[in-house]
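The values are calculated or read from the model by the stated rules, or taken from the named source; none is laboratory data. Since the model is a prediction, treat every value here as computed from it, not as a measurement. Reconstructed Cβ throughout: ideal geometry from the backbone, glycine too, with neighbour counts over all protein chains shown.
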Amino acid sequence: MLVALAGCEGVVPESTTEMISATAEAVAGQAAEVAEQAIAEVEEHTAGETHAVHWAYEGEGGPENWDELGYPDCAGATQSPINLASATGADLENIQFAYGDAAVKMLNNGHTIQVDQIEGSQVVIGGETYFLKQFHFHSPSEHTLNGGAFPIEMHLVHKTADESKAAVVGVFIREGAENAALASVWAHLPAEESPYVLDEHGEKVYTPQDTGESISLAALLPAEALFFRYEGSLTTPPCTSGILWSVLQMPIEMSAEQIAQFTRIMEGNNRPLQDLNARTLQVDETP
Ligand SMILES: [Zn+2]
């Protein structure tokens, strides 16, 4: 399985480090204290130590050991993904999507396949504007709906302008009609790990491949945007918490062949379900 065999692709994604740094500069008080602690953890991770075991989705580097591999946040109480069930109904403000067209620049980092370096698209959630940075895929889905998994889950990753806050929109993909909106992406799924350079910490920094194609991002979304809302985390190390999650209730579709094209390259890149603990899972009940 390619996912499990992939090497350590950077202990802390560059963007996360930037996000945490930005947080420290931008906020004061308790938040800054938390951010400083996070930076200290990041520096510890990237200080050049060599992990004997790299994180993966199975085996010694598997999810149950991520915290012991140098990612303590992965053992936190507000982690993702979760099972979406028994949600509290609420009249939540609709997510305002302002999605345009984007160049399709793709990478395979051994843990997922990602359309990267997206510019010019954004969402507004709770009065805050978050810019779409990238989207990527997990198979099978990471979140489950009433205990059931979907063949694929898409994660649209957004950050505020100062990168201090992140909001991820999850979209389930079920088997059905061919997905024309994703055709330009699926035509260029990188089967092998993408080219990378090592940064000053010895971590891999991937260069996305520009396919020369574009994608209409609005066409990716389902007709109905009702969603589940909760506060969670990145689903990969370093499992940073404080991520605003919105998982859309209505799945989009993809043909069996399109699903197979993905799973032939990557399957099993889903973190096991995490406990909800003291969190509230809300479901938007008003269109
Ligand atoms: Zn993801």
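Here is a list of conditions, (1) part of a loop (DSSP other than H, G, I, E, B); (2) within 16 Å of the ligand (Cβ to nearest atom), and residue 156 meets all of them except one; can you say which number that is?
The single condition residue 156 does not satisfy is (1).
Between a residue in region 138-149 that is under 17 Å from residue 87 (Cβ atoms) and any residue that is more than 16 Å from the ligand (Cβ to nearest atom) and not in a loop (DSSP other than H, G, I, E, B), which pairs come within a Cβ distance under 7 Å, given they are 6 or more apart or on different chains?
From residues that are under 17 Å from residue 87 (Cβ atoms), the pairs are 144/83; 147/83.
Yes/no per residue for (1) within 15 Å of the ligand (Cβ to nearest atom); (2) touching a residue at least 12 places away in the same chain (Cβ under 8 Å):
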site	(1), (2)
218	no, yes
222	no, yes
225	no, yes
228	no, yes
239	yes, yes
243	yes, yes
251	no, yes
254	no, yes
260	no, no
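Among the residues of region 94-143, write down those that are part of a strand (DSSP E or B) and closer than 15 Å to residue 262 by Cα.
Result: 106, 107, 108, 113, 114, 115, 135, 136, 137, 138.
Which residues, counting only those in region 194-208, are surrounded by fewer than 20 Cβ atoms within 10 Å (Cβ to Cβ) and either β-branched (Val, Ile, Thr) or within 16 Å of the ligand (Cβ to nearest atom) (or both)?
197, 205, 207
Can you tell me which residue within region 209-237, out of those that are in a loop (DSSP other than H, G, I, E, B) and crowded, with 21+ Cβ neighbours inside 10 Å, is modelled with the lowest pLDDT?
The residue in question is 237.
Condition check ((1) within 16 Å of the ligand (Cβ to nearest atom); (2) closer than 24 Å to residue 208 by Cα; (3) in contact with a His (Cβ under 7 Å, 6 or more places away or on another chain); (4) of a type outside the set (Asp, Glu)) across all residues:
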site	(1), (2), (3), (4)
78	no, no, no, yes
87	no, no, no, yes
102	no, yes, no, yes
130	yes, yes, yes, yes
139	yes, yes, no, yes
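Given the options 191, 167, name the one that is assigned to a loop (DSSP other than H, G, I, E, B) and either more than 30 Å from residue 250 (Cβ to Cβ) or within 16 Å of the ligand (Cβ to nearest atom) (or both).
The conditions single out 191.
How many residues are part of a loop (DSSP other than H, G, I, E, B) and within 12 Å of the chain's Cα centre (by Cα) if we restrict to region 239-276?
5
For region 202-220, which positions are in contact with a Phe, Trp or Tyr (Cβ under 6 Å, 6 or more places away or on another chain) and small (Gly, Ala, Ser)?
Listed by number, the list holds a single entry, 218.
Within region 180-201, track down each residue that is in contact with a Phe, Trp or Tyr (Cβ under 9 Å, 6 or more places away or on another chain) and acidic (Asp, Glu).
193
All but one of (1) buried (at least 21 other Cβ atoms within 10 Å of the Cβ); (2) closer than 20 Å to residue 57 by Cβ hold for residue 115; which doesn't?
Answer for residue 115: the failing condition is (2).
Just one of 177, 167 is surrounded by fewer than 16 Cβ atoms within 10 Å (Cβ to Cβ) and under 25 Å from residue 103 (Cα atoms); which is it? Working first, answer last.
Numbers: 167 fails: surrounded by fewer than 16 Cβ atoms within 10 Å (Cβ to Cβ).
Result: 177 is the single residue among 177, 167 that is surrounded by fewer than 16 Cβ atoms within 10 Å (Cβ to Cβ) and under 25 Å from residue 103 (Cα atoms).
Just to be sure I understand, how many residues within region 104-116 are out of contact with any Pro (no Cβ under 6 Å at 6 or more places or on another chain) and away from the ligand (no atom under 16 Å from the Cβ)?
Number satisfying all stated conditions: 1.
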